[in-house]
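The values are calculated or read from the model by the stated rules, or taken from the named source; none is laboratory data. What you are looking at is a predicted structure, and each value in this text was computed from that prediction instead of being measured. Every residue, glycine as well, gets a Cβ built from its backbone with ideal geometry; the counts of neighbours run over all protein chains shown.
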């Protein structure tokens, strides 16, 4: 055990003296988390509006065109961008320049046509072949049809009842009925789980993603320690002593594990205090994920150090897995937005299991039982990587 600790202490001292250690394990994750957080709106101070901005021009200025405006203003899909000084040409230029996804023009005579029982036409400027254009077109059609149906109903009721039910009152009643459909879907959230804003959700994904990605990138520093030990023949001299090979492997493994775990602890505290990512809501569950992820990544680093024959190979063998495992495992974009097939493929990467564990605690509001499967998967990967490193180490030294 003393030999293992001596080797680990030697590696840790060598890593701490290397400035690139702090670059890859601490500075880069913090910098990229802040950068991506700003880019995705994670630090936006004002309330966000996810509705699609749509230009609006009312050339009719009738009571029905005003009712149409009120209905569109209350939409959850479109956000009216109205400016009375704009002309039709101005709106066409804004849409053509992609400053607005679409624009609506209420032509003169819209109200009269509706009251006459005719199908009133609206003018939509935009590309309905795009996703945004399709959504805007569908919402405008739904609102216009709702208003047409309400007008038709109000006209019929006025004819049947005369002055007892005036048109305006009947129209109000019809539109009110549209707002209270007989079937509704209610979304409920447990009061035990605080609702998170889109900004916090963005940071809650970016923080663990960058932490895991640069933990793998930082392995090149740890792997180079093992490579330089072999090139300086310090490893060969160590093998001539009473130190067993398993002690050498465990010593290197312990050093990499300790520095990765320290990185996780520092970045988790940074995420909790600065980014307000609720890692410590169930601290024991977060710690379990961090420990199992550190065991897995440290075993991967040990394997890279054993396989690489030069510093250049150590760099390649560290950077390539970083991009491959991080991209596949959902460190850049949530796997939740992909289909079930890609989610299953993504979980080939241990990063996906680590992301599941951290997000189960910080985002989904789950407890210790939710991290048992991700932690078990990460420990399984750790055993696999360590076994491969041990097999490669024994095979290379017996030649």
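Structural remarks
- Taking the criterion of being assigned to a loop (DSSP other than H, G, I, E, B), closer than 30 Å to residue 158 by Cα and in contact with a strand residue (DSSP E or B) (Cβ under 8 Å, 6 or more places away or on another chain), the residues of region 75-123 that qualify are 107, 122.
- Within region 355-366, considering residues that are part of a helix (DSSP H, G or I) and within 14 Å of the chain's Cα centre (by Cα), the one farthest from residue 377 (Cα to Cα): 362
- Condition met for residue 319 (at pLDDT 90 or above and in the same structural domain as residue 221 (by TED's automatic domain parsing)): no
- On the stretch given as region 342-363, residues that are surrounded by fewer than 17 Cβ atoms within 10 Å (Cβ to Cβ) and touching a residue at least 40 places away in the same chain (Cβ under 8 Å) total 0.
- Residue 291, sole failed condition from (1) touching a helix residue (DSSP H, G or I) at 6+ places or on another chain (Cβ under 6 Å); (2) outside any loop (DSSP other than H, G, I, E, B): (1)
- Filtered residues of region 222-237 (kept if touching a residue at least 12 places away in the same chain (Cβ under 8 Å) and touching a helix residue (DSSP H, G or I) at 6+ places or on another chain (Cβ under 7 Å)): 222, 223, 224, 225, 226, 227, 235
- Filter result (surrounded by 11 or more Cβ atoms within 10 Å (Cβ to Cβ) and more than 20 Å from residue 66 (Cβ to Cβ)) within region 88-101: 90, 92, 93, 94, 95, 96, 99, 100, 101
A quick yes/no check of all residues on (1) without any contact (Cβ under 8 Å) to a residue 40 or more places away in the chain; (2) over 16 Å from residue 208 (Cα atoms); (3) touching a strand residue (DSSP E or B) at 6+ places or on another chain (Cβ under 9 Å):
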site: 240; (1), (2), (3): yes, yes, no
site: 243; (1), (2), (3): no, yes, no
site: 248; (1), (2), (3): no, yes, no
site: 263; (1), (2), (3): no, no, no
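- Residue in region 264-274 that is within 20 Å of the chain's Cα centre (by Cα), closer than 24 Å to residue 388 by Cβ and in the same structural domain as residue 372 (by TED's automatic domain parsing) present: yes
- Just one residue in the set 280, 238 is more than 34 Å from the chain's Cα centre (by Cα) and in a helix (DSSP H, G or I); that residue is 238.
- Candidate set: region 16-54, residues that are at pLDDT 75 or above and closer than 30 Å to residue 243 by Cα; chosen: the one surrounded by the fewest Cβ atoms within 10 Å (Cβ to Cβ): 17
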